[in-house]
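To start, the structure under review is shown below, and the notes come after it.
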Amino acid sequence: MIYIETARLQLRDWEQRDLEPFSQLNADEEVMTYFPKTLSIEETETFYQSIMSEFKDSGFGLYAVEVKENKEYIGFIGFHKAIFAADFTPCIEIAWRLKRDAWGKGYATEGAAACLQYGFGELGFKDIYSFTADINTPSKKVMQKIGMKFVNEFNHPKVEKGSPLYKHVLYHVSQ
């Protein structure tokens with residue numbers, strides 16, 4: 001099923017054929033620069049199963065993204081229920097991860113902006129958050145381009161103290 005369509009992208013259900021490129025995406029050190037580590041094939045399969053469970057339980061999740069022109073899988077954009085211990089959780093998070101050769105083409109901004117519209121219009125969300133390591137300038141720029149506003153900084157409880165990824169920034173947008 002296609003949930004969201006933009007001029008260049010389709011945000012859709014995951015398919016079995018997405019697992020191999022999803023594993024490659026999660027194993028790419030450059031893609032995973034702002035995450036604690038790359039993911040093994042087994043860890044990617046576990047992540048995939050959690051995405052499928054969230055769709056089943058919530059009716060939304062991290063959508064597989066493909067380029068309409070060539071049907072190429074390039075990553076994910078979508079929603080996740082963030083439940084780790086923080087003063088803004090539980091909340092609906094918008095997130096994205098795209099493969100390197102999809103960077104710099106505006107896909108993250110295009111897909112995330114359409115996702116926000118879908119979240120507010122179709123899913124009835126009132127508030128949507130996004131967060132990333134403070135050093136992740138590319139994602140912060142996407143958050144700003146899609147109209148999200150900086151809220152504050154926080155130390156991510158699931159990131160090791162002393163890590164350059166420990167300090168995070170929180171962005172928010174409401175309906």
Go through the range 38-49 residue by residue and tally those that are surrounded by fewer than 16 Cβ atoms within 10 Å (Cβ to Cβ) and polar (S, T, N, Q). 3
Test residue 94 against the stated conditions and say whether it is closer than 20 Å to residue 132 by Cα, part of a strand (DSSP E or B) and not small (Gly, Ala, Ser). yes
Got at least one residue in the range 1-16 being of a type outside the set (S, T, N, Q), under 21 Å from residue 125 (Cα atoms), buried (at least 18 other Cβ atoms within 10 Å of the Cβ) and in contact with a Leu (Cβ under 7 Å, 6 or more places away or on another chain)? yes
In the range 127-166, how many residues are closer than 21 Å to residue 90 by Cα and out of contact with any Phe, Trp or Tyr (no Cβ under 8 Å at 6 or more places or on another chain)? 5
Within the range 25-37, identify whether any single residue is crowded, with 17+ Cβ neighbours inside 10 Å, within 26 Å of residue 170 (Cβ to Cβ) and touching a Lys or Arg at 6+ places or on another chain (Cβ under 7 Å), and answer yes or no. yes
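Could you list all residues from the range 60-80 that are part of a loop (DSSP other than H, G, I, E, B) and β-branched (Val, Ile, Thr)?
Across the range 60-80, there are no qualifying residues.
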Can you pull out the residues in the range 31-47 that are more than 16 Å from the chain's Cα centre (by Cα) and touching a residue at least 12 places away in the same chain (Cβ under 8 Å)? 40, 41, 43, 45
Checking the conditions here, which among 63, 73 is surrounded by 15 or more Cβ atoms within 10 Å (Cβ to Cβ) and over 20 Å from residue 117 (Cα atoms)? 73
All positions within the range 108-128 that are surrounded by fewer than 21 Cβ atoms within 10 Å (Cβ to Cβ), over 18 Å from residue 59 (Cβ atoms) and in contact with a Ser or Thr (Cβ under 9 Å, 6 or more places away or on another chain): 110, 113
Touching a helix residue (DSSP H, G or I) at 6+ places or on another chain (Cβ under 8 Å), in a helix (DSSP H, G or I), farther than 25 Å from residue 168 by Cα and of a type in the set (S, T, N, Q): does that describe residue 53? no
Regarding the range 83-97, can at least one residue be identified that is surrounded by 15 or more Cβ atoms within 10 Å (Cβ to Cβ), in contact with a Phe, Trp or Tyr (Cβ under 7 Å, 6 or more places away or on another chain) and closer than 17 Å to residue 25 by Cα? yes
Does residue 133 satisfy the condition of being more than 22 Å from residue 61 (Cβ to Cβ), in contact (Cβ under 8 Å) with a residue 40 or more places away in the chain and buried (at least 18 other Cβ atoms within 10 Å of the Cβ)? yes
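Coordinate-derived values only; no laboratory data. The structure presented is a predicted model; accordingly, all values stated were derived computationally and were not measured. As a convention, Cβ positions derive from the backbone with ideal geometry for all residues, glycine included, and neighbour counts pool all protein chains shown.
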